[in-house]
Amino acid sequence: MDIVSLLVLLLIGAVAGWLAGLIVKGFGFGLIGNIVVGILGAVIAGYLLPMVGIAIGGGVIASIINATIGAVILLFVISLIKKA
């Protein structure tokens, strides 16, 4: 992985984590936390969405949408764990 790919991955993770934080109110993890949530969300969405039969497509926008969906799922699970 070259430096440009790493920067794009971090940028997509940051945007997806930020969007997921806006969608799921009450969860702000800061810049680093949002990047981590976004990257983990991308991994979750990459695993779950094809199992359900959802294919959004390719490109940066599709990557951000996929990562945001996964990050929202991750934040929802975190909120369930914190309430328990």
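Readers should treat all values here as calculations from the given coordinates under stated rules, not as data from a laboratory. These numbers come from a predicted model, not from an experiment. Cβ coordinates were reconstructed from backbone atoms using ideal geometry, including for glycine residues, and neighbour counts include every protein chain displayed.
If you plug the beta carbon distance of Phe76 and Met1 into 1/(1 + (r/R0)^6) with R0 = 35 Å, you get a FRET efficiency near 0.75. A helix-only calculation puts the chain at -28500 deg cm²/dmol for mean residue ellipticity at 222 nm, using -39500 (n - 2.57) for each DSSP H run of at least four residues, averaged over all residues.
Per-peptide packing, taken as the mean over residues of other Cβ atoms within 10 Å, places 57-63, 33-39 in the sequence 33-39, 57-63 from highest down.
Taking all Cα pairs closer than 8 Å and separated by 6 or more residues, the relative contact order of segment 3-83 comes to 37 percent.
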